[in-house]
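These notes are about the structure you will find just below.
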Amino acid sequence: MAEIIVVTSGKGGVGKTTTSAAIGSGLAIRGHKTVIIDFDVGLRNLDLIMGCERRVVYDFVNVLNKEANLNQALIKDKRNDNLFILPASQTRDKDALTQEGVQTILNELAETFEYIICDSPAGIEKGAQMALYYADRAIVVTNPEVSSVRDSDRILGILQSKSLRAETNAEPVKEHLLLTRYNPQRVEDGEMLSVADVVDILAIPLVGVIPESEAVLKASNQGEPVIFDGTSDAGQAYSDAVSRLLGEEVDFRFLEAEKKGFLKRLLGAK
Amino acid sequence: MSIFDYFRSSKSNTASLAKERLQVIVAHERGQRKQPSYLPQMQQEIIEVIKKYVAIDSDQVTVSLDDSDDCSILELNVTLPEK
């Protein structure tokens with residue numbers, strides 16, 4: 001039985017697609033057959049982050065409309081045989097998605113995949129609701145910043161009321177908090193909400209803390225999910241998050257500011 | 001932080017302000033989520049009925065719904081004008 005994981009946030013630009021790509025790749029690296037679906041119809045970007053933008057022929061909406069079959073639309077990752085991408089349509093809008101259509105595709109994918117990652121669009125409208133409707137688990141991507149935390153709480157409310165699990169009174173969607181763009185130095189200086197603050201407010205279990213890192217932009221420049229960069233802090237933090245998703249207990253890293261030398265302090269170097 | 005910052009007066013902790021503000025707004029919004037969707041309109045209609053008999057302002061009436069375990073309490077609080 002496949003597990004459906006939605007990556008969602010409410011707010012845009014917090015790192016949903018980066019996270020979907022990293023977590024999906026991480027699960028594939030661990031040997032789990034994984035597909036990442038881009039639900040952002042009209043604004044597809046997962047293909048770029050995954051580095052397969054020139055291999056897109058058919059998309060999610062083509063499959064929904066039976067203009068192509070699933071195997072024609074799925075793109076196999078060049079780095080890992082367990083990893084597949086289902087791109088969003090760039091020419092349609094979110095109304096092209098129907099609940100029955102989405103369900104049919106998810107059911108078909110569930111026959112061959114262990115994990116189905118749904119990369120949600122921003123907002124709380126139809127597209128975002130479609131992405132989370134069938135979820136078993138949700139990764140709520142949040143920045144340590146007021147508007148992102150508030151929007152995350154909003155999306156948690158929607159998960160608890162408008163998902164299939166909520167509507168059928170089944171076991172609730174399992175929620176995971178993933179904090180991104182975390183800057184321990186600014187937290188230490190009292191300029192940024194800490195991990196504890198955000199966990200306190202949202203009151204859901206923490207699955208990962210990704211430090212603000214140059215590696216993330218470098219990775220997206222190259223179309224290579226940051227988790228493949230095993231030497232980077234962000235890559236390692238995502239790898240830890242994947243372990244926790246799989247039920248392992250891993251200590252949190254990158255939560256403390258780097259200790260600066262006397263000279264660096266004096267000169268105010270970053 | 002550079003050497004010049006040491007001469008500045010005490011730093012303001014904006015993170016704790018952010019946390020306080022978030023706690024208030026998130027608690028408020030969670031409260032509203034639990035309300036049934038008919039509550040605002042029902043509140044409005046109750047106010048209209050009271051207004052037919054007593055001269056009051058809308059802000060002198062508060063309607064709240066408390067859900068505790070298996071019991072829901074609809075609380076209506078009207079501040080009547082002094083005579």
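Bear in mind that the values in this text are calculations on the coordinates, not laboratory data. The model shown is predicted, which means the values in this text are computed figures rather than measured ones. No Cβ is skipped: glycine too gets one built from the backbone with ideal geometry, and neighbour counts run over all protein chains shown.
For q values of 0.18, 0.20, 0.24 Å⁻¹, compute log₁₀ I(q)/I(0) with the Debye formula on a Cα-only model of chain B, without solvent.
-0.92, -1.01, -1.13
For A:176, A:32, which order do you get if you count the other beta carbons within 10 Å of each Cβ and list the fewest first? Before the final figure, lay out each step's value.
Values: A:176 21, A:32 17.
Listed from fewest to most nearby Cβ atoms, that is A:32, A:176.
Give me a single rounded figure for B:21-29: the average over its residues of other chain Cβ atoms within 10 Å of their Cβ.
Mean partner-chain Cβ count within 10 Å for B:21-29: 4.
Considering chain A as a Gaussian network with a 10 Å cut-off on Cα pairs, which listed residue, A:17, A:231, A:34, attains the greatest mean-square fluctuation?
With Cα springs under 10 Å in chain A, the top fluctuation among A:17, A:231, A:34 is at A:231.
If we count every other residue with Cβ under 15 angstrom of residue B:61's Cβ, Lys/Arg +1 and Asp/Glu -1, where does the sum land?
The answer is -3.
With a cut-off of 8 Å between alpha carbons and a minimum separation of six or more residues, what is the relative contact order of region A:86-222 in percent?
Relative contact order comes out at 20 percent.
What list of ³J(HN,Hα) values in whole Hz, one per residue of region A:70-76 in order, does the Karplus curve 6.51 cos²θ - 1.76 cosθ + 1.60 (θ = phi - 60°) give from phi, with Gly and Pro shown as x?
Karplus-based 3J(HN,Hα) across region A:70-76 equals 4, 5, 6, 8, 5, 10, 7 Hz.
Using amide H atoms built in the peptide plane, which far-off residues or other-chain residues are under 5 Å from residue A:3 H to H?
Residues meeting the amide H criterion: A:115, A:116.
Relative contact order of chain A: what whole-number percent is it, with Cα pairs under 8 angstrom and at least 6 residues apart?
It comes to 23 percent, rounded to a whole number.
Starting from the Cα of residue B:30, step 7 Å along the direction of its Cβ; do the same at residue A:90; then give the gap between the two resulting points in nm.
Going by the 7 Å Cα→Cβ label model, 4.3 nm.
Structure shown: which of A:16/A:126; A:11/B:19; A:11/A:162; A:174/B:34; A:11/A:94; A:33/A:94 lie over 22 Å apart, alpha-carbon to alpha-carbon?
A:33/A:94
Rounded to the nearest 0.05, what FRET efficiency is calculated for residue A:55 and residue A:231 with R0 set to 30 Å and r the Cβ-Cβ distance?
Efficiency at R0 = 30 Å is approximately 0.65.
Which peptide among A:78-89, A:190-201 comes first, and what is the full order, when sorted by highest mean count of other Cβ atoms within 10 Å? Working shown, then result.
Values: A:78-89: 20.8, A:190-201: 18.3.
Most protected by this proxy first, the peptides run A:78-89, A:190-201.
Can you compute the helix-only [θ] at 222 nm over chain B? Use -39500 (n - 2.57) per DSSP H run of at least 4 residues, normalise by all residues, nearest 500 deg cm²/dmol.
-14500 deg cm²/dmol
Output the 0 to 90 degree angle, nearest 10, between the alpha-carbon long axis of helix B:39-53 and the longest principal axis computed from the alpha carbons of chain B.
Taking the Cα atoms of chain B, the angle to B:39-53 is about 50 degrees.
As a test of the formula, what do you get for chain A when each DSSP H run with n ≥ 4 contributes -39,500 (n - 2.57) and the sum is divided by the residue count, at 222 nm and rounded to the nearest 500 deg cm²/dmol?
So the calculated ellipticity at 222 nm is -11500 deg cm²/dmol.
Taking neighbour counts of Cβ atoms within 10 Å as a proxy for exposure, in what order, fewest first, do A:130, A:50 appear? Mind showing how you got there, number by number?
Details: A:130 21, A:50 27.
Ascending number of Cβ neighbours within 10 Å: A:130, A:50.
Classify the protein assembly as shown from the C-alpha gyration tensor, please: rounded if a/c falls under 1.5, else prolate or oblate depending on whether a/b exceeds b/c.
Judged from the Cα gyration tensor, the protein assembly as shown comes out oblate (a/c at least 1.5, b/c at or above a/b).
If you restrict to DSSP beta bridges whose two residues both lie in the protein assembly as shown, what percentage is antiparallel, to the nearest 5?
The answer is about 25 percent antiparallel.
Hey, could you get me the Stokes-Einstein D for region A:44-85, Kirkwood radius over alpha-carbon pairs, 20 °C and 1.002 mPa s, rounded to whole µm² s⁻¹?
Calculated translational D: 201 µm²/s.
Working out 0.36 nm times the residue gap between residue A:79 and residue A:255, then minus their Cα-Cα distance, what length gain in nm do you get to one decimal?
60.3 nm
If contacts are Cα pairs under 8 angstrom and at least 6 residues apart, what is the relative contact order of region A:1-124 in percent?
Relative CO of region A:1-124 lands at 45 percent.
Nearest 10 degrees is fine. How inclined is helix B:14-34 to the longest principal axis of chain B, computing both from alpha carbons?
20
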